[in-house]
1. Quick one: length gained pulling Gln420 to Thr233 fully straight, 0.36 nm per residue minus the C-alpha distance?
2. Give the residue list of GluC sites (Glu not before Pro) in the stretch 89-126 that are DSSP loop and have at most 13 other beta-carbon atoms within 10 angstrom.
3. So which of Lys102/Lys179; Lys102/Lys153; Lys66/Lys185; Lys151/Lys179; Lys79/Lys102; Lys79/Lys107 end up more than 22 Å apart, counting from Cα to Cα?
4. Would you please name the trypsin sites (Lys or Arg not before Pro) within the stretch 183-272 that are DSSP coil residues with at most 16 other C-beta atoms within 10 Å of their C-beta?
5. Which net charge results when you count Lys and Arg as +1 and Asp and Glu as -1 among the other residues whose beta-carbon is under 13 Å from that of Ile178?
6. Please give the peptides 143-150, 21-28 ranked by average Cβ packing (other Cβ atoms within 10 Å per residue), highest first, as a rough proxy for protection.
7. Short version: ³J(HN,Hα) in whole Hz for each residue of the stretch 317-324, in order, from phi by Karplus 6.51 cos²θ - 1.76 cosθ + 1.60 (θ = phi - 60°), x for Gly and Pro, what are they?
8. Give me the extension gain from Asp278 to Leu363: residue separation times 0.36 nm, minus the current Cα-Cα distance, reported in nm with one decimal.
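Every number in this text was worked out from the coordinates using simple rules, so none of it is lab data. Owing to the predicted nature of the structure, the values given are computational and were not obtained by experimental measurement. Cβ atoms come from the backbone with ideal geometry, glycine included; neighbour counts cover every protein chain shown.
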Amino acid sequence: MKPELLAACVPTAADSGAMYAPKIHVLDAGKENWDVIRDIAHSGVQEEAFYVLDMGDIVRKHKEWKLKLPRVQPFYAVKCNDNRNVLEVLASLGASFDCASKAEIAKVLEMGVQTERIIFANPAKQVSHIRYAAAVDVRSMTFDSESELYKVKEYHPRARMVLRIRCDAKKVQCPLGIKFGAFPKDAPRLIALARQLDIDLVGISFHVGSGCDEPEVFRRCISIARDLFDLATDYGYTLNLVDLGGGYPGNRGSSIARIASVINDAIDEFFPDGCGVDIIAEPGRYYVASAFTLAARIHGRRQLTSDDDDDQVTSYMYYINDGVYGSFNCMLYDHATVTAELLEPRNGAVYPSSIWGPTCDGLDRIAANMPLPQLQVGDWMVFQDMGAYTLAAAGTFNGFPVPNVTAVAHQHTWLYLLDQMPMAAAHFTMAPPIASVAPPAEDVIDLPPSAKTCAMQMYANHASGMGSGSGSGSQGQGLPSSMSSASIVSLDTDPSDAVSTASSDAGNSALDDAFPYPDCVDFLADLLDATSVM
Ligand SMILES: Cc1ncc(COP(=O)(O)O)c(C=O)c1O
């Protein structure tokens, strides 16, 4: 039995018709994220790479932001990771959103977020996206050029425009100033045009670059913003918004303390409390980087040997099922470095090793020369801090799927969110985050009809392939002997009929009666027992 066939029977959010994101699994006391990864990886049905998303980490980040930057309202940059659970939890905690496109705006509005809590922070927007913003009344938008002002005048005259200036950090993971941000010297010209077009100019924004390692840059930028506030008064504007953009670190062990201290001092100096100016920021990686942990499985190994006659192993090459065209696109686009850890540590001699993604492209390499013990096909590698700019830009090149995300929460996070989230109960499940393990009796999942039908079809297919025997059938894969041939042949419906009519209630009933499992999870588990995963 191929795991992907089993995976097809695992209920998805779409199957259950849920209005919400896939449910967040509440963890039993004492369970940690690594236990969850282990449970899923060793469940026997998991072949593909997968993520575990720790909702508690998102909540912790938000609390830390509010504590360290109390005057700065966060507008989470959706582009960084648009996972629905993340967006819903942030929305319920009171965060606002930075959207780059029509689709991102739609996604945030779909959750019931008010338009005032959205900034359309892409300085170069397509006309259809501007028209959409106008139609849904998202008014705050950034710009850094004349052409944008002309478009806004024509398609969204009620917009509240924020001038993005260029102000770059000297040490940064991803410089953004090369693409966006008007030089401060060009600001007078743009402000004059805004005045001439009678556009509502409300503020100044900047982005120091993503992954900023120079906290002092924020003081420089805030001071320039102050100068431009003063300049704008010459044109009859009273600006009331400073947007500090993104750039805040988010990996485990990082802290926004230094940046926060620079920002707090600078805003107190240049825009003191009570001066009528709102301060916002657009953090992306800060919120999500550490919350997502990726597990990927080794599906191939090559050993390279010395040229001498003794055939000594000199190095190993490992092939895993996520690569630079999937999650590890962050290595190319986000200039990220990643660290592979072993789900189950192994002792023994260490060899120079390389790690490769699943596609046929030679570019698809994750690590070049890493000391690793000898690993086996079937071993799992774990990559932490994989939440920022990974899934958001991942594709399915060569047909490899983007990994699924399983969201989990410890009980204290769950209890906290129960008080925060509208319709909170609908967001959570007590079922363990493992497809192959039956949930505890008090929280039996009612599997959606599609999953049950799928299991029944497999049952009927196997029955027809086996004839009256058990063990290895004519397809080379028998049903478990516990599924007696008597129960199979007692089906008074031709199995092929059962398959073709499985979606109709009437056609299903005979097979339904004969289907000897209370739900398809048990069936799948039994089937799995009797067949090989690989
Ligand atoms: C306009 C804008 N705002 C915010 C962000 C988020 O930046 P970060 O993830 O560094 O916080 C980005 C990232 O590209 C951006 O382009």
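1. 63.2 nm
2. none
3. Lys66/Lys185
4. Arg252
5. 0
6. Going from most to least packed, we get 21-28, 143-150.
7. Those phi angles translate into 10, 10, 10, 10, 8, 8, x, 6 Hz.
8. Roughly 26.0 nm would be gained on extension.
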